[in-house]
Amino acid sequence: EVQLLESGGGLVQPGGSLRLSCAASGFTFINYAMTWVRQAPGKGLEWVSTISGGGGTSTYYRDSVTGRFTISRDNSKNTLYLQMNSLRAEDTAIYYCAKGGGGGPFDPWGQGTLVTVSS
Amino acid sequence: EIVLTQSPDFQSVTPKEKVTITCRASQTIGSSLHWYQQKPDQSPKLLIKYASQSFSGVPSRFSGSGSGTDFTLTINSLEAEDAATYYCHQSSILPWTFGQGTKVEIK
């Protein structure tokens with residue numbers, strides 16, 4: 001069974017940093033693109049970032065996080081990361097990791113981790 | 001950026017009724033359109049991929065159609081467990097985008 005388990009969320013002050021992790025199991029992690037999607041409280045889904053699979057390291061970001069967020073992966077640990085710097089109040093959201101993003105659907109999704117940016 | 005516009009935003013439906021949700025793309029995306037269901041306090045789950053392909057384990061009452069710019073998700077004979085918010089998502093051109101969501105409530 002494919003499973004994705006996020007961790008690392010929490011309360012952080014504006015301007016602070018957090019690193020999210022997503023532990024993957026049940027599939028050949030290195031072969032697949034991986035993606036972060038976020039959902040602000042009571043709002044819809046918003047794509048954040050994708051990293052390529054197949055051993056590649058191409059990365060893609062939405063404009064509002066470019067230069068502040070960095071997506072990466074450790075294929076030896078089957079883990080996806082999102083380093084988030086210079087956090088803003090508008091980054092407050094549940095962050096989901098999802099398998100896919102290389103031009104197809106996202107499936108499955110993890111349970112999400114809540115990031116709250118507030119003083 | 002491709003904008004996906006869903007309609008309606010909200011629908012209140014009685015059990016066994018048919019539900020139709022539309023998703024319109026701001027430019028053509030072929031069949032690179034996927035549908036998700038999100039129940040309260042849960043993560044989204046894939047329902048339909050590539051506009052009309054059923055996904056494993058999804059009840060047959062869910063179906064999708066369309067191509068180009070206009071797409072439809074249909075729920076035949078709605079059940080109480082289908083109360084959720086439904087999202088479309090395009091994977092044709094970066095940045096990947098989602099529709100704003102359609103909330104389906106059971107009367």
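The values are calculated or read from the model by the stated rules, or taken from the named source; none is laboratory data. Please read these numbers as outputs of a predicted model, since none were measured by experiment. Don't worry about glycine lacking a Cβ; one is built from the backbone with ideal geometry, like all the others, and counts go over all protein chains shown.
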**OP:** Please go through region A:62-119 and pick out each residue that is at positive phi, loosely packed, with under 14 Cβ neighbours inside 10 Å and modelled with pLDDT of 95 or more.
**Re:** A:Gly67, A:Ser86
Original post:
Does region A:59-66 contain any residue that is in contact (Cβ under 8 Å) with a residue 12 or more places away in the chain, outside any loop (DSSP other than H, G, I, E, B) and within 15 Å of A:Gly110 (Cβ to Cβ)?
Top reply: no
Subject >> Matching strands (runs of 3 or more DSSP E) fully within region B:13-107 where at least 1 residues are within 12 Å of chain A (Cβ to nearest Cβ) and crowded, with 21+ Cβ neighbours inside 10 Å >> reply: B:33-38, B:45-49, B:62-67, B:84-90, B:102-106
